[in-house]
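Worksheet: the structure to be examined is printed underneath.
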Amino acid sequence: MAIYINSFVLFVVLLLANGNSPAQSSKSKQAGKHFEGLWLDKKTSRHLEISFKDGYATIIDWTGKFQKRESGDSYKAFLKNGKLIMPEDIGHHAAYGEIISNDQTLIYLTKSIGAGKASAWDRQIFTKARR
């Protein structure tokens, strides 16, 4: 009997520690739908294409005036607290970034590489692009 209780307790602990309960998974999928797709900043002709797979987002970033999608930069982002978070990567010269979904717009916030907490955010607004 004690073996069954210990196994059950272990199962519950592992389930809670995993953090991938069905409710959280459903919330992640729903939040992902707010970000997925093709986005455009008309002022700069900068494009973002966001897709989700295996628990993270892939962001392809290019400027239509100078590049094609195939030659754009690619970033990995993680969904955290309803935002896409892109950690700073000094080796690849990638600044820390956050993307917030607001109705049919994205707010893309970045901080310069090596900037402290007090530094200002660069902000760019994207709208859903039509294919």
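None of the figures in this text is laboratory data; all of them are computed from the coordinates on show. These numbers come from a predicted model, not from an experiment. Every residue, glycine among them, receives a Cβ derived from its backbone with ideal geometry; neighbour counts consider all protein chains shown.
Observations on the structure shown:
- Cross-link table Lys42/Lys68; Lys42/Lys128; Lys53/Lys111; Lys53/Lys83, entries beyond 18 Å C-alpha to C-alpha: Lys53/Lys111
- ³J(HN,Hα), Karplus 6.51/-1.76/1.60, whole Hz, each residue of region 50-62, x for Gly, Pro: 10, 9, 10, 6, 6, x, 9, 9, 10, 10, 9, 10, 8
- Residue-by-residue Karplus 3J(HN,Hα) for region 64-75, coefficients 6.51, -1.76, 1.60, Hz, glycine and proline x: x, 5, 10, 9, 9, 3, 4, 9, x, 7, 10, 10
- Contact order relative to length of region 50-114, as percent, for alpha carbon pairs under 8 angstrom and 6 or more apart: 20 percent
- With a simple spin-label model that places each label point 7 Å from the Cα along the Cα-to-Cβ direction, the separation between Thr58 and Ile90 comes to 2.9 nm.
- For Arg46, distant residues with modelled amide H under 5 Å away: Asp41, Gly64
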